[in-house]
Amino acid sequence: MISKIEESSLLDRGGRPTLRDMLSQIVYDPAHAHISLRNARLVLHRASIAVQLQEELVRRFGSHDARVILLRLGFQAGTQDAEFIRTAWPGLDIGDAFTAGTRMHTMSGVVRVQTVYNDFNFKQNKFAAEFLWHGGMEATEFLNRQRCASEPVCWMQVGYASGYASFFFDKLIVYKETECAAMGHKHCRVTGKTAYAWGADDPTVRMFREEVVPSLADLPRRTGGVETAIHVPTKTTSRHGGASLEDVVLEPVRSQLDSVAAGELPALIVGPHGCGKHLAARYLHHQRHGTGGRLRRLVCRSLTSEQIDIWLRKLKQSRETWLLENIETLSEECQLLLAERVESRDLPPGLQLAGTSTHRLSELIAMPALRRDFLFALAVLPIELLGLQHRRGDIADITRAMLAAMSENEALPQHRLSRAALDLVKGIALPGNLPQLRSVLLNALFKARFDGGNELPGEIQPKHFSSELALAPPSSADTYVGGIVDQMAAKSLTMSELNQRIYAEALRRSDGRVSTAARMLGVTRPQFVYRARGIESGN
C-alpha cells in the first residue's frame, strides 16, 4: 500500500510535465460536453469496456487477431500521445518528454508505473527498460470478470508503451509483458528493447513489424476471415472512400511493377520530377517484401563504391529496397560494382534494387557517363511514369484522391471540391506535377477553411484558388504548340505548310534517309513517301 504522503509526492515526481501539471490543466466544458487537456479532447468511460472489447474480439476473430487489433490501437495511442507531449509542451527536455509517457498512463487512470530501470541515450540511439505495473486497467478488469488468465492480457497497454517509445527513437521499440496480475502475479512486469536487440526472428518483433505497425492501407485484406495471398491489396482506399492516391497515380504501370516484383528483378523507374517515382518504388518494395523491411533512399551523386561494398557485406538476408535516385549521377566505380553483383547474382538474398531518373530510357542510353551493363541490368522491364500534362484524363481522380489523403491528416479539415473548382483544376498547367498540385490544393483548402462568407462550408470553390499557384507558366512544349496555333489563327501558317515543315525536318535529321525519317515519325516508308509527295504537289 502507498501512504498518503507517498501519494502526494507522486504528483510532483519526475520531469515536466508532472502529474500535477497535467491534472491542473484538465478542463471540463459542460456547455460542449468536452473534457480536454491542453486543447486535446479526452473521454471518460468505465474501465470495464476494455475487457468487454477484448472478449468480443476474441470471440469473433480468435485470440491472435484480437491481440493484434488491441496492440495496434495501443501502439497508435502511444504514438499520438508522444507527439501530443512534444507539441503541447514545446521546448521540453527530450528526456522529460520521453518519461512523460509513464505519467500519462498514470494520469489517465490506466496504470501506476514503477520504474525498475529505464536506460536510454538518444545520442547513441540506445534503449532498454523494465517497469512494474500496479493496478493496471486490463489485468484488474479481467480478474473482476473471469478466472486467472493463462497468458498476459494487457495488450493495449503493451502496444501503448511500444508506440510511445518508438516515436522518440524513430525506430521500433517492442515491449513484452513477462508477468501479469491477471495470471496471479503480484503485479505486471514489462520489458522494453529495440527490435534489433530482441532479434529479427523474434516472434513478437515479427508480429509488430508485419501486423501491428503497418498502416491499414498496407495490411492484407481479409475475405470471409481468410487472409489474401498477396502482401498488399491490389486496390487501396482512402479513409473517406474511393481509390487511394497511390492507386490512381500508379494505375498505368501497376501490372509492370507487379511483374518486376514477382520476377524479383532490379527496376528502372523514369519520369519527370514529381510524377510519382517514389510512390512506385514504395509499392514495389511492399509487393516484394510485404509490410516489413526497409526502403532506403540513396542519392547517387554522394555514394562511393566503398560505402556500397560495406553495406552489401553487412546484409546477409535482406528485406531491403535500395532506391538509387538519379542513376545518371552515380560514379562509374559504383556502376561497375553493382553491375558485376547483378550479373553474377551476388547480391544479398532479398535485396531489391530500383533506380530512378528524370530522363527517358533512350536519353539514358545516349549518355556516355552511364555504363551500358549497369543500365541494362536495371532496365529489364523499364517503367515510365508520365507527367500530369500527359495525364489530363486522370487529373480529376488524382485530385480527389490527393484531397482525401490530405484530409486524413487530423490537422487538416475535410473538404470537397465543387464541380466548377474541379473543372478549374483540370485546366491548370501543372509542370510541377504532384508537388505542385498538392500546393495548389493546400492553398485552396486553407482559404476555404477560413472563408467566413463561404455559402457552402466544407466546399472548395474556384474563388479559393490562388492565381499565382494555379496559373503556373506552361511547359516549353505547351508554349511551342500555342505559338503554332497562334500562327494558324493569324493565317500566317497553314496545315499543309506545317506538315511540309515536319517531313522536311525529319528528312534533314535523318540525312535524307527516308526509312529513318519514317521511323522517326512513326509511319511506314510508303506512307511517308506518299504524304511527302502529296504535300509537295499541294494536295
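Values quoted throughout were computed directly from the atomic coordinates according to the rules given, and no laboratory measurement underlies them. What you see is a predicted model; the values in this text were computed from it and never measured. With ideal geometry, Cβ positions are generated from the backbone for all residues, glycine too; neighbour counts draw on all protein chains shown.
Assorted remarks:
- Working ranking of peptides 338-346, 324-332 by packing, defined as the average number of other Cβ atoms within 10 Å per residue, highest first, is 324-332, 338-346.
- Among 30-36, 359-365, 116-122, the peptide with the highest mean count of other Cβ atoms within 10 Å heads the list, and the full ranking is 359-365, 116-122, 30-36.
- The charge dipole of region 4-213, taken about the Cα centre with unit charges on the Cβ atoms of Lys, Arg (+1) and Asp, Glu (-1), comes to about 120 debye, rounded to the nearest 20.
- For region 332-413, the convex hull spanned by the alpha carbon atoms encloses 170 Å³ per residue.
- Each peptide in 87-94, 389-396 was scored by the mean count of other Cβ atoms within 10 Å over its residues; highest first, the order is 389-396, 87-94.
- Distance between modelled label sites at His64 and Phe122, nm, 7 Å Cα→Cβ extension: 3.8 nm
- Relative contact order (percent, whole number), region 120-194, Cα cutoff 8 Å, 6+ residue spacing: 40 percent
- Entries in Lys171/Lys314; Lys126/Lys277; Lys193/Lys314 that, when Cα-Cα distance is taken, lie over 24 Å: Lys126/Lys277
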